[in-house]
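Before any comments, here is the structure.
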Amino acid sequence: MEFSKNKLLNLIKWRYFPFVILTIGMFLIHTCFKLGWGDDTLFQTLKDDNSVLIDRYHGWSSRIIIEALLIIMVHLEPIWRVLDTAIIVLIALSISKLFPSHNASITNWLIIGILFMYPFIHMSSAGWIATTLNYLWPLAFGLFSMVPIKKILFYERISWYEFIFYIPALIFAANQEQMCAILFVVYFTFTIYLLIHKRINMFMILQTSICLMSIIFILSTPGNVKRKNSEIQTWFPDYINISFIRKIEMGFSSSWFEFVMKPNVIFTVFCILLLLCMMVTQKKKLYKWIAFIPLASSLIFGLFSNVLSEAFPAIQKINNSMTQYGTRVNFASIITWIPDIILAVVFISILISLYFIFINKKYAIVTIFIIMLGFGSRMIMAFSPTIWVSGERTFIFMYFSFIICSVILFQVIFKSEISKFDTFTKSIISILALLSFLNTLYLLG
């Protein structure tokens with residue numbers, strides 16, 4: 001009996017045990033998915049042959065690799081449920097491998113806790129299989145394909161067989177426009193970094209070249225042009241009349257509205273960690289309260305907005321300021337500036353806080369870089385007429401930029417050895433993870 005108890009304790013202490021819990025939880029969620037609707041039904045009617053993909057290339061999309069797999073997966077629903085669960089576990093495992101941790105087991109528990117908070121209902125907007133293969137799978141393979149960057153930077157050994165997985169993963173991920181842009185910026189940046197430090201790495205150059213070729217392929221695909229023209233007529237006829245400045249504002253405000261002006265658990269957790277880190281690292285500095293701005297904003301305009309708007313109706317008006325054309329800033333009316341000013345202050349305060357938190361400014365630059373990548377991936381949508389109709393699924397990369405930075409920030413709190421902050425963080429994440437898991441099950445039920 002005691003032997004079995006010890007085996008159980010050792011299993012729970014195992015650094016990868018959190019991923020076992022994630023697998024069980026995510027598979028349970030996947031059993032609740034109702035399939036066979038949206039774009040899934042469209043792809044069920046397409047034949048699995050080259051002519052279909054050629055037609056799609058010339059008439060609709062550059063996502064040839066993704067759609068080739070999608071045409072197969074829509075006919076294998078039980079297998080998709082298993083594979084999609086594995087994809088989410090791959091995301092968690094890749095995040096764990098990307099950044100050095102003070103305690104791998106606790107860090108992995110944190111990762112799965114925040115992953116449970118992600119609103120997976122976003123992945124149903126165009127049909128579960130179609131949406132996940134176009135967004136969740138490129139994210140997973142994209143993060144996985146970045147793991148060798150970390151290994152190269154930290155002089156870790158990479159076995160020859162690992163390249164067999166890293167290269168195809170990047171090719172698949174780079175077939176999605178937002179992920180391709182992220183991968184190119186990441187690989188190009190770190191390739192230049194290595195060159196500056198006189199460390200020429202052919203694998204980095206190869207991966208950067210693949211990303212560049214994918215960008216050229218995406219931009220030169222005739223189907224993308226035809227699709228854009230078609231979607232302008234269908235979804236946003238006035239899109240061609242919108243000025244460049246207005247599109248920039250539309251992309252900026254719509255991106256940050258999702259996190260600041262709506263109840264958003266992941267962003268609130270990130271803001272809590274940001275504030276705690278500033279309190280840990282900048283104890284006697286007055287400017288540590290800069291990190292309170294994002295948290296206060298996420299609570300006032302997000303989680304508690306419905307309650308507070310009863311006493312302060314202006315909150316509801318600010319929350320309702322988003323239109324099809326952004327917040328419609330009018331330079332002649334100061335009131336119209338307020339939503340964008342709030343969003344800009346939150347954005348800037350996040351960047352300033354991240355800079356001051358880390359003594360080693362390399363880590364500060366990395367976290368700022370991650371936030372900017374996530375934000376940039378959503379800003380791209382400002383130049384697409386489907387900015388609104390594509391829905392929340394286009395925010396996935398920005399969501400995960402906050403998730404990844406939250407993992408990095410937790411390391412700062414954990415290393416500080418201030419037990420009250422450490423305990424508070426673990427408790428909050430555990431409670432919110434459980435509530436989010438239950439919420440997802442009920443939304444799907």
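Taken residue by residue, the stretch 171-179 has at least one member that is aliphatic (A, V, I, L, M), touching a helix residue (DSSP H, G or I) at 6+ places or on another chain (Cβ under 6 Å), modelled with pLDDT of 95 or more and not in a helix (DSSP H, G or I). Of all residues in the stretch 135-147, at least one satisfies being in a helix (DSSP H, G or I), crowded, with 22+ Cβ neighbours inside 10 Å, of a type in the set (S, T, N, Q) and in the same structural domain as residue 201 (by TED's automatic domain parsing). Checked across the stretch 215-235, the condition of being within 25 Å of residue 408 (Cβ to Cβ) and either free of Cβ contacts under 8 Å to residues at least 12 places away in the same chain or not hydrophobic (A, V, I, L, M, F, W, C) (or both) holds for no residue.
Taking first residues from the stretch 374-396 that are within 17 Å of residue 266 (Cα to Cα) and partners that are outside any helix (DSSP H, G or I), the Cβ contacts under 8 Å between residues at least 6 apart in sequence or on separate chains come to 392/119; 392/125; 393/125; 393/126; 394/387. Within the stretch 375-386, can one find any residue that is out of contact with any strand residue (DSSP E or B) (no Cβ under 6 Å at 6 or more places or on another chain), of a type in the set (S, T, N, Q) and part of a loop (DSSP other than H, G, I, E, B)? Yes, because at least one residue in the stretch 375-386 is out of contact with any strand residue (DSSP E or B) (no Cβ under 6 Å at 6 or more places or on another chain), of a type in the set (S, T, N, Q) and part of a loop (DSSP other than H, G, I, E, B). Right, residue 280: modelled with pLDDT under 95 and either surrounded by 14 or more Cβ atoms within 10 Å (Cβ to Cβ) or in the same structural domain as residue 424 (by TED's automatic domain parsing) (or both) or not? Yes: the conditions hold for residue 280. Applying the condition of being polar (S, T, N, Q) and part of a loop (DSSP other than H, G, I, E, B) to the stretch 1-52 and asking which residue is surrounded by the most Cβ atoms within 10 Å (Cβ to Cβ) yields 31. Please verify whether residue 126 is outside any helix (DSSP H, G or I), among the aliphatic types (A, V, I, L, M) and in the same structural domain as residue 190 (by TED's automatic domain parsing), treating the condition exactly as stated. Yes. The residues on offer are 377, 384, 309, and the sole one that is closer than 18 Å to residue 262 by Cα, assigned by TED's automatic domain parsing to the domain that holds residue 282 and buried (at least 18 other Cβ atoms within 10 Å of the Cβ) is 309.
Only a single criterion out of (1) crowded, with 17+ Cβ neighbours inside 10 Å; (2) within 29 Å of residue 402 (Cβ to Cβ); (3) in contact with a helix residue (DSSP H, G or I) (Cβ under 6 Å, 6 or more places away or on another chain) is not satisfied by residue 263, namely (1). Scanning the stretch 54-67 for residues that are crowded, with 18+ Cβ neighbours inside 10 Å and in a helix (DSSP H, G or I) yields 56, 57, 65, 66, 67.
The set of residues in the stretch 216-254 that are of a type in the set (Lys, Arg) and closer than 24 Å to residue 174 by Cα comprises 226, 227, 228. A Cβ distance below 8 Å, combined with a sequence gap of six or more or placement on separate chains, defines the contacts here; from the stretch 1-30, residues that are not assigned by TED's automatic domain parsing to the domain that holds residue 437 reach residues that are at pLDDT below 95 and of a type in the set (A, V, I, L, M) in the pairs 15/104; 17/11; 28/441; 29/441; 29/444.
Looking at 370, 413, 429, 408, which one is touching a Ser or Thr at 6+ places or on another chain (Cβ under 8 Å), assigned to a helix (DSSP H, G or I) and farther than 23 Å from residue 182 by Cβ?
Numbers: 370 fails: farther than 23 Å from residue 182 by Cβ; 429 fails: touching a Ser or Thr at 6+ places or on another chain (Cβ under 8 Å); 408 fails: farther than 23 Å from residue 182 by Cβ.
After applying the criteria, what remains is 413.
Residues that are under 23 Å from residue 344 (Cα atoms): which helices (runs of 4 or more DSSP H) entirely in the stretch 203-317 hold 2 or more of them? Lay out the reasoning, then the answer.
Values: elements: 222-235, 244-260, 265-281, 292-298, 305-311.
Counting at least 2 such residues, we get 244-260, 265-281, 292-298, 305-311.
When the stretch 97-130 is limited to residues that are under 20 Å from residue 27 (Cα atoms) and of a type in the set (Gly, Ala, Ser), the one that is surrounded by the fewest Cβ atoms within 10 Å (Cβ to Cβ) turns out to be 125. Checked against (1) touching a residue at least 12 places away in the same chain (Cβ under 8 Å); (2) in a helix (DSSP H, G or I); (3) over 30 Å from residue 174 (Cβ atoms), residue 335 passes all but condition (1).
The values are calculated or read from the model by the stated rules, or taken from the named source; none is laboratory data. Model, not experiment: these values are computed from the prediction. Cβ coordinates were reconstructed from backbone atoms using ideal geometry, including for glycine residues, and neighbour counts include every protein chain displayed.
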